[in-house]
Structures are given as structure tokens and as C-alpha cells.
There are 2 protein chains.
Amino acid sequence: AGPVEVDLGEAEDFLRLFHTEHPGAGDLQARWSEVRVAVARTGTYTHTPEELRFGAKVAWRNSSRCIGRLYWNNLQVRDHRTLYTPAAVHEALVEHLRLGTNGGAIRPTVTVLPPLTPDGRGIRVRNEQLVRYAGWRDPEGAVLGDPGQAGFTAMARGLGWRGGTGGQFDVLPLVIDVPGYQPWVAEVPPDAVLEVRITHPELPWFADLGMRWHAVPVISNMLLGIGGLRYPAPFNGWYMGTEIGARNFSDEDRYNLIPEVAKLLGLDTSREDTLWRDRALLELNRAVLHSFAEAGVTITDHHTESRRFLLHLRKEERAGRIVPSDWSWIVPPMSGGITPVYHRYYDEADLMPNYLPDPRTGAADQGCPFGYGA
Amino acid sequence: AGPVEVDLGEAEDFLRLFHTEHPGAGDLQARWSEVRVAVARTGTYTHTPEELRFGAKVAWRNSSRCIGRLYWNNLQVRDHRTLYTPAAVHEALVEHLRLGTNGGAIRPTVTVLPPLTPDGRGIRVRNEQLVRYAGWRDPEGAVLGDPGQAGFTAMARGLGWRGGTGGQFDVLPLVIDVPGYQPWVAEVPPDAVLEVRITHPELPWFADLGMRWHAVPVISNMLLGIGGLRYPAPFNGWYMGTEIGARNFSDEDRYNLIPEVAKLLGLDTSREDTLWRDRALLELNRAVLHSFAEAGVTITDHHTESRRFLLHLRKEERAGRIVPSDWSWIVPPMSGGITPVYHRYYDEADLMPNYLPDPRTGAADQGCPFGYGA
Ligand code: HEM
Ligand code: HEM
């Protein structure tokens, strides 16, 4: 076997797609020979800025698990393919947080870092998201903070991180691997992290739970795959409330608040058929939506987002495209049956470009098969 | 091509399975030659009562969409393979209702009718379930009763049915096709239909909605497939509350009660993020569980049934069997994320024996791809 090369079939498919959707983009054949020559010489090639922007957007359009795709064409694409030091990557990610957060008027944004080499080496952001809270495991195994981050937290400590207060909401440092450097561990400046305190529209005691959450989910452990290349490329949208209220706050292996909230609500938890779990879940989710709205931070509820997704399906159909979708991810984790996305089948297909799991992320880091709890 | 015959491969697989799980059942090879001879002579063969009983139970065990499989081995199997008149079938189905209902202590039961001929002809119960409520469509297209039954109701009228009051809860007649007979249309005697009035544990006005539901879901439009044979075979379990509260009462194309209940609850329906839909859904489901319990009719909530299903998975694993399961059907239509069945993958396989869609049922009769609203 010769040296490892970019997959030329994937490259050709992508160039074809780019030229089909950009009829004015020039001569496909000329570009294609250019790419073949580059790959023959170097094993890889370089996307034009237009190709990159298009690829990052279409990768979102093709994300079968994402209900939020209506705005795929409005993605802000930040081209940072020339960063080669950990400090520069760190700075670019912190800037991503500021730009994506935008004072609360959240902008869907992706930061494209240098691609992996054809044999799969390159930059790796080890965080699952740019902002996550530490999980502090005590000797008995109990966790304070986010149990979903206990492994990452221990790893960061092992790499020398001394930050955090040992509390419920310590923002984790970024851990960045750049070939040729030691793992880079550095705090995110607090003023780059917008957070929302969780209160309830009617129940004053809710604030005393002391819950908060970060405003922006920036997924940082997937790879953007375009035309045979693989880019580390943290991206963000805004939250759908259930991701926080029905997953991060409610999963038993996350903040696990359902029992406590049910108790504070005074519900009868001695039998399941009072549906006390469902009631606590409801109030948690109302609190999340209320608090984000009060704080002026973009968020959507699962009913609105479901309707938008159906609109997206119709728009894409009119454009002659299928919308590959994964039912079990599209249907929200609460009140599934009363959202219109429940009552239909979807096309299933793995189209490229796409955001892909990073093979360097061990299965152990992956957590729940259904939902990162983004 | 010769005359149509039972699928011998399927027959052999079934006999093998039967003998594997019944080591004392005698000589597999002898039975297998017997079956081959019968099929060669007649195109088909006859199951022994033990084979039939086992087949009907294992068909439940293999039903990937069913969360209620823990008790698969306790299925009551009624062997009615000798009924050949519409009146006799009608009587057997009414008796099924009485036995399955059992005064409220519901018994999972299947009534096995004569198998189809190898070329697919035979008895057909046209009802989706033995008990369903009529849907009366007025000239403007609005439906009183169950809109999901408007087509069936019109068909029954066309066949001469003159029953019903034009109200919200008119039990539909059975419509039974037996080859050689006119379609048989006949009422289910009211005393064979146990119904539950829906009240709420705390909200007295709930009773004024005038809602009710039948105690037992007897699915009657699937075929029991065993060893190459196909039996019309209505079966029942007990209800999981969400089937009524989150589907039959809540689906927009069924009773569609969410908006009305939200209004009566005094919720702010001017914006989605109050989660008024979710609150109305919750109270509907509490009412269903409460009312069945008060009436002494077996029912389970989705939390309990989810835990039972996980127990079933463990038991089957210990027995060395896989549990083929369809995630989108197993996860309940409300509060999915807080039930333990959400957070895992399942084996997917189409094992036989099984309960299968009846190819004679047109797609038009099938309704929602996710859930009959059983
Ligand atoms: C604009 C607002 C957005 C909303 C409301 C939204 C909503 C969602 C939700 C609810 C999920 C499921 C998450 C889970 O269950 O853990 C999801 C998954 C996903 N979204 Fe979006 N999204 C948005 C923007 C984006 C953007 C900008 C991208 C990429 C450019 C994206 C790509 C994805 C991908 C790749 C997944 C699957 C993640 C995985 O496999 O873990 N989304 N989205
Ligand atoms: C004992 C209590 C039972 C419970 C609580 C239960 C629960 C359920 C539920 C919730 C569904 C999904 C229905 C929907 O979404 O529309 C289902 C589907 C199903 N169940 Fe069960 N079940 C029970 C007994 C049975 C029995 C006795 C059989 C057969 C002998 C059976 C066979 C099936 C089949 C074949 C389906 C799929 C139906 C279809 O494709 O529409 N179940 N069950």
C-alpha cells in the first residue's frame, strides 16, 4: 500500500456538489484536475474559502440528528486553518465563544481548525463542549457537579489543572492537543462564558436550588468532514430547552434533579402513577425556558423547534433534496407524541459533508448513545 | 410455478425452535417428516395444540414494538381453529373480550382463528381493535367521536350498520369477513365491553369532559405467523396509560383534547414556552391512570412498564436470547428521556414466530406509522 491519501471519490463528490449548487463557481473539470494533482503530490489538497464555507454549512444540513437545521445556510464559518500553536487555538476558541454568544443573541458558528493529515493526526480539542462544568468525584464515588464530566475532570487534574472550587458549576479548562506540543490546559476567561441562573416563572424557591447553565452549547469533539478532509471544528447553535431541562438536569447520571424537585413540589413520590417524575420534569423545563428568556439568551422550546423542522423539511423538498434524519434524535426527550415530528418516517442516509464522531474519542468518552446532552 | 405451499424453511425453523425449548416434546425428525408429507399432499399442515400455544407466546416475545413482554409466557392461548361461520367467530371474539377483561383483572389473551390458506385467503376481522369508538363525519368534514375510526365507521354504515347514537363513544360493531359469506356486521353486546369514566385525582371538572375509554385493547388486524402459517388472531394485553392519555386522547387526528384541557386548566396558551401542551398532557395522563385504578382495571404507567421491560431484557439475556426491539416504539410518547428504556440501543431483528401486519389491510387503514394508538 502506498502512502495514505485523501479519499479521491469523496473529494470528487464534494466538488461536484459544490459546483451544482454554485453554477457560477467556474470550471469543475479544471478544479478537479488541480485537486488530483495536489493529492498525487502531497496526499491532500486545500479547500478554497468558498468550498470550506459551503462544506461547513452543508455538513449541518446533512446532520441527521439535528432538529435545528432550518437555518443551515446562516452558519457563521470562521476559517482558522492556519493556526498551529495551542495558544492560538485556545484564543480562537475563546473568541468563538464570544462571537457565538453575541451577548445572548446567539449566532450559529463554526470554527474550522487545520485538517487532520490523511493518516488521521492533528489537532484535537479534548473537551466534549467548550463550556462544561467539572464533576468532582469523592472517595466514596459520589460526584459533585456534572457526573458526565467526572472522567474529563480527573484527566484535566492529571494534566495539572488546579482551577475550580470543587463546586457544582466550575467551568472546565480547555484541553487541546497539538502535535509536537504538550497537552495544553488553560482556563476559559470567565467573561467569555455567559451563564443563566435558573429561576421559575411562579415558584420562588426554584432559585434556591442554585442551578445555572451556560448559554451556548459548543460541541467540540466532532470532526467536520468535507471532500475527504477531516477538520476539528467546534460548532454551536442555541439550546433547545429540553437539552438542559430534560437531559443535563434530569438524567440520572447527570444532575439528576427530578427527585429533589418533586420533593420540593410536594408531590406524592410513593407511587409512580402520580406521574411525579413527569411533573418535576415539566417544571424544570419551564424554569429553563423562562430563565433564558428573562436573561435575553436565545433558546427554543421543543414545540417551536419541531414546527420549524417540519418547515425545513418542506423547504428542502421544494429544493429537490432529501433531509436525512434520525427519528430517535429528532423526537424530543419529553412530550414526544405531541410534537408533530413524532408522527412520520424520515429518510435515512449518511450524506457528506457532515459532522462526524472523532475516531480518536474513545467509546468511554461518548456517554449516552442517545444525546450528548448538548 | 406449482401450487402455493406453506414456506417449508419457516416450518422447519419453527419445529426446531419448538423442540429446542421443549426437549421432552418427542422426536423432531419424525415430526418434521410428518409436516413435509402433509405439505406435499395438501400445501399446508396443522400445528399441534402445544406448538400453537408455544408459537403464540413466542410471537409475543418476538414483538419488537412491545414494551410489555415480561409476561410473554403467561399468555392465554385460545385455540379456535375450527370456527368456520361468521356467527361462530363473532361469538368467540365476544367471549375473548369477556375472558380478557376478567372483570378488570385483565388477562393477556389471544384467540387463534383458522389459518389463511397458503395463497392468503381466509377469515379477516376488519376492525383494528375489537372495541373502538365510531367517528361520525359531518358534511363539513368535522368528526364527532374518534376521527381515527371515521373510515371504518363509514364502511360499517355502507355494510348496513344502523347502530350508534352519533355520539362521542359509540362502540363500533364487529365486521368479519369469512370466505363464502357476506361481510358479517354485528354489535358487541354492551355487557362485554368494560369502560372506564375518566376523572382526575384533584380536578373535579375533569369528569365534565365526559371522557371514557374501553378497558382492554384487543388488536384484531394483525396476523399471527407461526412456522409458515398465518392465523388471524386477535390479542390483548392491558393498557399502558400513555396509549390512551398521550395518543388516543391527545393526537391531533384523534380526540385532540390538549387545547381544551389547557384552557380548562387556565394555562397561558398564547406562547409555546409556557409548555401548556406538556402540562395538559400530564393531567390527561394522570387522569387516565387514576380512573383505571379507581375502577379496578389493570393499567400500568410508562415508568413502571419501562422498568419491567429492562427486567425482561435481563431475564432474556440470562436465557441466552436476544430481545429484538424497536427503539421508537419502546420509548413512551411522553417523558421519553426520563424512562430508562431511552438510554440504550436494542438488537434489531425480525424473528419468527411473530405478530405481523395483515397484507390485506390497505395502507389507508394503517394510520400513524408510530403507534396504532393501541
Ligand atoms: C441553531 C440552533 C440549533 C438547535 C436548536 C439544534 C438542536 C439540536 C438538538 C436538540 C440536537 C440533539 C442533541 C442531543 O440530543 O444531545 C442536535 C444535534 C446535533 N446538531 Fe444541532 N442544533 C442547532 C444548531 C446546530 C449547528 C449550528 C450545527 C452544526 C453546524 C448542528 C449540528 C448538530 C449535530 C452534528 C448534532 C448531533 C450531535 C451528536 O451526534 O451528538 N446543530 N441539534
Ligand atoms: C400485558 C400488557 C401489555 C402491555 C402493557 C403492552 C404494551 C404495548 C405498547 C405500549 C405498545 C405500543 C403501542 C402503540 O404505540 O400503539 C405495544 C405494541 C405491541 N404489542 Fe404489546 N403490550 C402488552 C401485551 C401484549 C400482548 C399480549 C401481545 C401479543 C400477544 C402484544 C403484542 C404487541 C404487538 C404485536 C405490538 C405492535 C403493534 C403494532 O405494530 O401496531 N402485546 N404493546
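The values are calculated or read from the model by the stated rules, or taken from the named source; none is laboratory data. Everything numeric here is computed off the predicted structure, so don't read it as measured data. We place every Cβ from the backbone using ideal geometry, glycine too, and count neighbours over all the protein chains shown. Side chains included, ligands, DNA and RNA excluded: accessible areas come from the protein's heavy atoms. Shrake-Rupley method; radii C 1.70, N 1.55, O 1.52, S 1.80 Å.
Please give the per residue volume of the convex hull enclosing the alpha carbon atoms of the stretch B:119-255, rounded to a whole number of Å³.
Hull volume over Cα atoms, normalised by residue count, gives 145 Å³.
What are the radius of gyration and Dmax of the protein assembly as shown, computed over its Cα atoms and given in Å?
In Å, with Rg to one decimal and Dmax whole: 29.4, 84.
When only C-alpha pairs under 8 Å and at least 6 residues apart count, what is the relative contact order of the stretch B:24-122, in percent?
Computed over the stretch B:24-122, the figure is 25 percent.
Using only the Cα atoms of the stretch B:195-311, what are the Rg and Dmax in Å?
16.8, 56
By the scheme Lys and Arg +1, Asp and Glu -1, what is the net charge of all other residues having a beta-carbon under 14 Å from that of residue A:189?
Working: positive: A:98; negative: A:91, A:95, A:187, A:191, A:195.
Local net charge: -4.
By how many degrees, 0 to 90 and rounded to 10, does the Cα axis of helix A:276-295 deviate from the longest principal axis of chain A?
The angle comes out near 60 degrees.
Around residue A:115, what is the net charge, scoring Lys/Arg as +1 and Asp/Glu as -1 over all other residues with Cβ under 10 Å from its Cβ?
Here the charged neighbours net out to +2.
Would you work out which of B:24, B:66, B:39 lies farthest towards the positive end of the dipole of the stretch B:1-117, given +1 charges on the beta-carbon of Lys and Arg and -1 on that of Asp and Glu, about the Cα centre?
B:66
With all protein chains present, how much of the accessible area of the protein assembly as shown (probe radius 1.4 Å) comes from carbon and sulfur, to the nearest whole percent?
So the carbon and sulfur contribution to the accessible surface is 52 percent.
When you look at the Cβ of every residue in A:276-283, what mean number of other chain Cβ atoms sits within 10 Å? Mind dumping the intermediate values first?
Values: counts 2, 6, 12, 6, 1, 6, 6, 2.
Other-chain Cβ atoms within 10 Å of each residue's Cβ, averaged: 5.
Sorted from largest down, give the three principal axis spans of the alpha carbons of the stretch B:1-87, whole angstrom values.
If we take the Cα atoms of the stretch B:1-87, the spans are 41, 40, 25 Å.
Of the options A:346, A:311, A:328, report the single residue whose Cα projects farthest towards the positive end of the charge dipole of the stretch A:308-352 (beta-carbon charges: Lys, Arg +1; Asp, Glu -1).
Positive-end residue among those listed: A:311.
What percent antiparallel are the DSSP beta bridges of chain A, to the nearest 5?
Values: 25 of 31 bridges.
Antiparallel: roughly 80 percent of the beta bridges in chain A.
Rounded to the nearest 500, what is the 222 nm mean residue ellipticity of chain B from helices alone, with -39500 (n - 2.57) per DSSP H run of 4+ residues and division by all residues?
-9500 deg cm²/dmol
With charges set only on the Cβ (+1 for Lys and Arg, -1 for Asp and Glu), what does the dipole of the stretch B:17-94 come to about its Cα centre, in debye to the nearest 20?
Working: 10 positive and 7 negative charges, 54 e Å.
Computed about the Cα centre, the dipole is about 260 debye.
Only Lys, Arg, Asp and Glu count, each charged at its Cβ (+1, +1, -1, -1), so figure out the dipole size of the stretch A:26-141 about its Cα centre, rounded to 20 debye.
Details: 17 positive and 11 negative charges, 45 e Å.
Around 220 debye, computed over the stretch A:26-141.
With viscosity set to 0.692 mPa s at 37 °C, what whole-number translational diffusion coefficient in µm²/s follows for chain B from Stokes-Einstein and a Kirkwood radius over Cα pairs? Provide the component values of the computation, followed by the final result.
Working: Rh = 22.0 Å.
Answer from the Stokes-Einstein relation: 149 µm²/s.
Local charge sum around residue B:278 (other residues, Cβ-Cβ under 11 Å, Lys/Arg +1, Asp/Glu -1)?
Counting the neighbours of residue B:278, the net charge comes to -2.
Find which of B:175, B:150, B:131 sits farthest along the positive direction of the dipole of the stretch B:126-177, computed with +1 on the beta-carbon of Lys and Arg, -1 on that of Asp and Glu, about the Cα centre.
Among B:175, B:150, B:131, the one farthest towards the positive end of the dipole of the stretch B:126-177 is B:175.
What does the buried accessible surface come to for B and A, summed over both chains, with the probe at 1.4 Å? Round to 100 Å².
Rounded to the nearest hundred, the buried surface is 3400 Å².
Run the numbers on the stretch B:310-351: which residues show a drop of 50 Å² or more in accessible area, chain on its own versus all protein chains together, using a 1.4 Å probe over heavy atoms?
B:327, B:333, B:338, B:342, B:343, B:345
Might you work out the accessible area of residue B:50 for me, using a 1.4 Å probe with all protein chains in place, and round it to the nearest 10 Å²?
90 Å²
Given a 1.4 Å probe, how much area per residue of the stretch B:254-374 is accessible, in Å²?
Normalised by residue count, the accessible surface of the stretch B:254-374 is 42 Å².
Please tell me the relative contact order of chain B in percent, rounded to the nearest whole number, where contacts are Cα pairs under 8 Å and at least six residues apart.
After rounding, I find 21 percent.
Using a Förster distance of 30 angstrom, determine the FRET efficiency expected from the C-beta separation of residue A:38 and residue A:356, and round it to 0.05.
Approximately 0.85, to the nearest 0.05.
To the nearest 20 debye, what charge dipole does the protein assembly as shown have about its Cα centre, counting +1 at the Cβ of each Lys and Arg and -1 at the Cβ of each Asp and Glu?
Result for the protein assembly as shown is approximately 280 debye, rounded to the nearest 20.
Kirkwood hydrodynamic radius, computed over distinct alpha-carbon pairs, for the stretch A:61-200: how many Å, to one decimal?
16.8 Å
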